[in-house]
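*Asks:* Next up is a structure, given as structure tokens.
The values are calculated or read from the model by the stated rules, or taken from the named source; none is laboratory data. Small disclaimer: the values here were computed from a predicted structure and weren't measured. Cβ coordinates were reconstructed from backbone atoms using ideal geometry, including for glycine residues, and neighbour counts include every protein chain displayed. The area values use the complete protein model at the heavy-atom level, side chains included, leaving out ligands, DNA and RNA. Shrake-Rupley method; radii C 1.70, N 1.55, O 1.52, S 1.80 Å.
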Amino acid sequence: MATSNTLTIENSLLNKSQIKESVFVLAFSILIPFLIHFIPVSGNPAGAVFLPIFIAPFIAVIFFRMNIALITALLSPILNYLLTGNPIYGTVGIITLELFSFVLIAGLLLKFEIVKYFAAPISIIISMFLSQLIFSSLSHFPVVLTIGLPGIILISFINILIFPLSKKSK
């Protein structure tokens, strides 16, 4: 028989195992960008070039439940800023919106056979477009896209390589 505490946990946003998974994915979402920022890149910040903050939420979309991916998308920009100083404070809100929309779009696209192996790059491009539409002007979109092209290519490879390992690929 379930107790009231059990019912509360079962009906909450996260159960105990999902809390552990969320902490793991959040730690990963801080570690990857932290390490990427050590790569020397001339002209633009390494994060803007390689887009490492998108990797952990995408892995969460593939291997975990959507709520874990959304929590990661919402918390990783501010946690990264508080712990490492990156991304730049003025971009935390923009990146949070990009990650949140990226996770939602990727989760949707992974359900369609025709695009599931390209869900990540398509989702990044759409989320960047939306953030430029809301926060800036579309005239900046080609610049943002060009700067982030290496990161889009990187996450494309990640998408192609790890998606077949997930239960969602079947």
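*Asks:* Is the C-alpha gyration tensor of region 89-144 telling us rounded, prolate or oblate? Criteria: a/c under 1.5 is rounded; beyond that, a/b larger than b/c is prolate, otherwise oblate.
*Replies:* The shape class here is prolate.
*Asks:* Given a cut-off of under 8 Å on Cα pairs at least six residues apart, what relative contact order in percent is computed for region 18-93?
*Replies:* 31
*Asks:* In whole Hz and in residue order, list the ³J(HN,Hα) couplings for region 14-26 that follow from phi through the Karplus curve 6.51 cos²θ - 1.76 cosθ + 1.60, θ = phi - 60°; x for Gly and Pro.
*Replies:* 9, 8, 4, 5, 6, 5, 4, 4, 5, 5, 4, 5, 5
*Asks:* Right, next: Using a Gaussian network model on the chain with a 10 Å cutoff between Cα atoms, which of Pro57, Pro45, Pro77 fluctuates the most?
*Replies:* Ranking Pro57, Pro45, Pro77 by mean-square fluctuation puts Pro45 first.
*Asks:* Return a single number: how many Lys pairs in the chain, at a sequence separation of 8 or more or on separate chains, have alpha-carbon atoms below 19 angstrom apart.
*Replies:* Lysine pairs meeting the criterion: 6.
*Asks:* For the pair Glu113/Leu14, report the inter-label distance in nm, with labels modelled 7 Å from Cα in the Cβ direction.
*Replies:* 3.6
*Asks:* Tabulate in residue order the Karplus-calculated ³J(HN,Hα) for region 71-85, using 6.51 cos²θ - 1.76 cosθ + 1.60 with θ = phi - 60°, rounded to whole Hz; enter x for Gly and Pro.
*Replies:* Along region 71-85, the couplings run 4, 4, 4, 6, 9, 5, x, 6, 5, 4, 4, 5, 8, 10, x Hz.
*Asks:* Kindly identify the chain as rounded, prolate or oblate by the Cα gyration tensor criterion: order the square roots of the eigenvalues as a ≥ b ≥ c, call it rounded if a/c is under 1.5, otherwise compare a/b with b/c, prolate if a/b is larger, else oblate.
*Replies:* Because a/c hits 1.5 or more and a/b exceeds b/c, the chain counts as prolate.
*Asks:* Hey, how many Å between the Cα centroid of region 53-69 and the Cα centroid of region 132-170?
*Replies:* Here the answer is 14 Å between Cα centres.
*Asks:* Further question: If you count only protein heavy atoms with a 1.4 Å probe, what accessible area per residue comes out for the chain, rounded to a whole Å²?
*Replies:* Result: 55 Å² of accessible area for each residue.
*Asks:* Calculate what fraction, in whole %, of the accessible area of the chain sits on carbon and sulfur atoms when a 1.4 Å probe is rolled over the protein chains.
*Replies:* Here it works out to 74 percent.
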